[in-house]
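Visitor: Mind looking over this structure? Questions follow.
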Amino acid sequence: MSNNLTQSLTLLELLITLIILSIVGLFIGNVEIMVRRDIMASDQRIRLSNDTSYILEHMKKNIGSAIGDINQPPVTIEQVGFPTPLWKRIRVRIDSNLNGLRDPADIEIAYQWFGFIYIYNVRFISNFPAILLGELLSSKINSFNISYNPTNNYVDVSLVACWDPDGNPYACGTSRNPSVTMQSRIYMPSVSTH
């Protein structure tokens, strides 16, 4: 009888050990899944931050070279679609020969945002309207807001980037579809406000 009791305790101990090992294995598996998801979301947020900061720096560099005055504004903002725009564009007259004067040698550039169903992109057009498609800067920008203040001589830009810009199946700003918002005020020193 003593021998049977020893064998049954050993079997019971083995079952308890298997249950404990299963629980530990499930815990480690869940931790790995959560860490992997967090690392992936962090990586996506970093890439979105790089995209938006690249666009803002690109715009600062070029819009900062704008030339014009109150009678010949350096900036034109256009939008198609209301109240939800399909595309927005900011056109800027640039002092390409750096002589400080508005003359025929100056060119017009544009930044154009298009957002519809599955296509969300920002393009830079280096010689508007000669190059209609331009250079793709990002395909992750789902909101592109621009405004021009001629009195104080600046352009405000606000960008919202989302890993999956159409928000399907996960809405922007969730852990499975991270988003980044950045804004900047771009001053135009070569523009006269008088």
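The values are calculated or read from the model by the stated rules, or taken from the named source; none is laboratory data. Model, not experiment: these values are computed from the prediction. Cβ sites come from the backbone with ideal geometry, for glycine too, and all protein chains shown count toward neighbours. Accessible surface areas use protein heavy atoms only, side chains included; no ligands, DNA or RNA. Shrake-Rupley method; radii C 1.70, N 1.55, O 1.52, S 1.80 Å.
Visitor: Could you check how much of the accessible area of the stretch 1-150 is carbon and sulfur, as a whole percent, using a 1.4 Å probe?
Guide: Taking all protein chains in place, the stretch 1-150 shows 64 percent carbon and sulfur surface.
Visitor: To the nearest 10 degrees, how steeply does helix 2-63 sit against the main Cα axis of the chain, on a 0 to 90 scale?
Guide: Roughly 0 degrees between the two axes.
Visitor: Rolling a 1.4 angstrom probe over the protein chains, ignoring ligands and nucleic acids, what is the accessible area of E32 in square angstrom, nearest 10?
Guide: Rounded to the nearest 10, that gives 100 Å².
Visitor: Find the centroid of the Cα atoms in the stretch 50-70 and in the stretch 71-85, then give the distance between the two in whole Å.
Guide: 16
Visitor: Looking at N152, L56, S96, which one has the Cα that reaches farthest to the positive end of the dipole of the chain (charges on Cβ: Lys, Arg +1; Asp, Glu -1)?
Guide: The listed residue farthest towards the positive side: N152.
Visitor: Binning at 5 angstrom from zero up to the longest distance, how are the C-alpha pair distances of the stretch 1-121 distributed in percent?
Guide: So the P(r) values, bin by bin, are 2, 9, 9, 10, 9, 9, 7, 6, 5, 4, 4, 4, 4, 3, 3, 3, 3, 2, 2, 1, 1, 0.
Visitor: Rounded to the nearest whole Å², what accessible area per residue is found for the stretch 94-137 with the 1.4 Å probe?
Guide: 57
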